[in-house]
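Values quoted throughout were computed directly from the atomic coordinates according to the rules given, and no laboratory measurement underlies them. Remember, it's a predicted structure, so these values are computed and weren't measured experimentally. All Cβ positions, glycine included, derive from the backbone under ideal geometry; neighbour counts span all protein chains shown.
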């Protein structure tokens, strides 16, 4: 490992320093470790707060991971090309509200189901991203580890949202099964630049969707406390 790589990892650790303790807080029903799906006693308000906290941390780490990846691997002329044809987000086809007016008009039920769709759609692509980052010669260990952390916390967030849906909507039939990911296959080995841009697109799109998850959950929280002033 060369000196530049060591320095990059040191900077990455300093950036994440304020979050290290918070990242370990579980999304459970008590102060101890536990699965939210097996802890029906937690209050709806407390569960929503913890789900929001998880979404906030996932977004922060995704934002920092994307910025670091861009700095290390993406040539500057290509940094604006991820939204061109061939580099579209994998969740583009999902029926997720995008405009401010659409978001304000949808029901609490669809806010929660939109979050769940986004979470489940990203579980498999993030597992793929872990394997591809391991193949980069100079990928900082912290970047790889945080990708794995986000992947694990996404599953925890999925469980929390499912329990929240059952509590708020009395929907006992909802399962945690992942949505069909057949359209997100990565079997063909690409050229190096194509591979970098594909991974960059995944990180960028996930950052965008993580922000949506956080926004939807915070809007839901606002509606619980101040229904008519949640612009």
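Among 127, 51, 61, the order by Cβ neighbours within 10 angstrom, fewest to most, reads 127, 61, 51.
The distance separating the Cα centre of segment 130-162 from that of segment 42-65 comes to 16 Å. Ordered by the count of other Cβ atoms within 10 Å of each Cβ, fewest first, 222, 66, 89 give 222, 89, 66. Kirkwood analysis of segment 49-134, using all unique Cα-Cα pairs, places the hydrodynamic radius at 15.4 Å. Estimated at 0.36 nm per residue, the fully extended path between residue 152 and residue 46 surpasses their Cα-Cα distance by 36.0 nm.
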